[in-house]
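Novice: Sharing a structure below in structure tokens format, with a few things to ask.
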Amino acid sequence: MFQNCPSVSPVVQDYIWLAEYYKGALSEFDFETKKENSFYDIDKEKLVRFGLVGRNKKMFFECSRGSFNLLGKRIDIQYRTDDAVYPLTMQNVYQRDIITYKRAVSESSVGRSTEGTMTSRILSYSFGYKSEMEIDGVAFNFKPIVTLPDGIDSNFVLTVDLNADQDINGRLELLRGGEVVSSHEAPLKAGQTGRLHWKIG
């Protein structure tokens, strides 16, 4: 469905979520009728890919391995120490705990001659997932979220929240097409969540 669907939103908002199944899909707004669908109607047991479509962009993650496809490029994330590499994506862990949300503001104007009016606008759109996994004896809680700004700005942000069940000293690495393109020191304290932002695009 991501391959064949339009790359523009069928409604006024810039992006809509899309849930792709082995057979068929469910989108936030139907591309033909513009009928709105509920996020809670997504059948997570059948989900193959999940992401956002709009402004001639298609961005999603693969539910089977957690890898992202951002602007046609495969993005993976791993944690590296001096002794080991822990692939946080590329794991055969089915990602069902999907996340999507919008950040919005509302503004009101009050004047003597007019009644108060309220307007709202969306500032950004986000999607991703959270997952628990054990890799070589280390238990990780992993939450990658992609945020796209409203409007024509092409830059977007990948935010990674990560914690482990033990102290571990290493680096968080971003891979594009299997090659490390960014690496950051990210020591973890047992039970404490660390957060890292990557600006991409």
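FYI, it's all coordinate maths here, none of it is from the lab. Quick caveat: nothing in here was measured; it's all calculated off a predicted structure. Cβ coordinates were reconstructed from backbone atoms using ideal geometry, including for glycine residues, and neighbour counts include every protein chain displayed.
Novice: Assign unit charges at the C-beta atoms only (+1 for Lys and Arg, -1 for Asp and Glu), then state the dipole size of the range 30-147 relative to its Cα centre in Debye, rounded to the nearest 20. Don't skip to the end; give the middle numbers.
Specialist: Numbers: 19 positive and 16 negative charges, 123 e Å.
That gives a dipole near 600 debye.
Novice: Further, regarding this structure: Going down the list Lys35/Lys199; Lys58/Lys189; Lys57/Lys189; Lys23/Lys57; Lys23/Lys143, which pairs span over 31 Å between their C-alpha atoms? Don't jump to the answer; show the numbers that get you there.
Specialist: Numbers: Lys35/Lys199 33 Å; Lys58/Lys189 36 Å; Lys57/Lys189 37 Å; Lys23/Lys57 22 Å; Lys23/Lys143 27 Å.
Flagged as over cut-off: Lys35/Lys199; Lys58/Lys189; Lys57/Lys189.
Novice: Also: Only residues of the range 24-48 count here: report those whose backbone N is under 18 Å from the spot 7 Å along Cα→Cβ of Val11, or say none.
Specialist: 25-43
Novice: At most 15 other Cβ atoms within 10 Å and a DSSP loop assignment: could you name the trypsin sites (Lys or Arg not before Pro) in the range 168-201 that fit?
Specialist: Working: sites: Arg171, Arg176, Lys189, Arg195, Lys199; in loops: Lys189.
In loop regions of the range 168-201 (DSSP not H, G, I, E or B), the sparsely surrounded trypsin sites (Lys or Arg not before Pro) are Lys189.
Novice: Restricting to Cα atoms and excluding each atom paired with itself, what does the Kirkwood estimate give for the chain in Å?
Specialist: Values: mean 1/r = 0.0547 Å⁻¹.
Its Kirkwood hydrodynamic radius stands at 18.3 Å.
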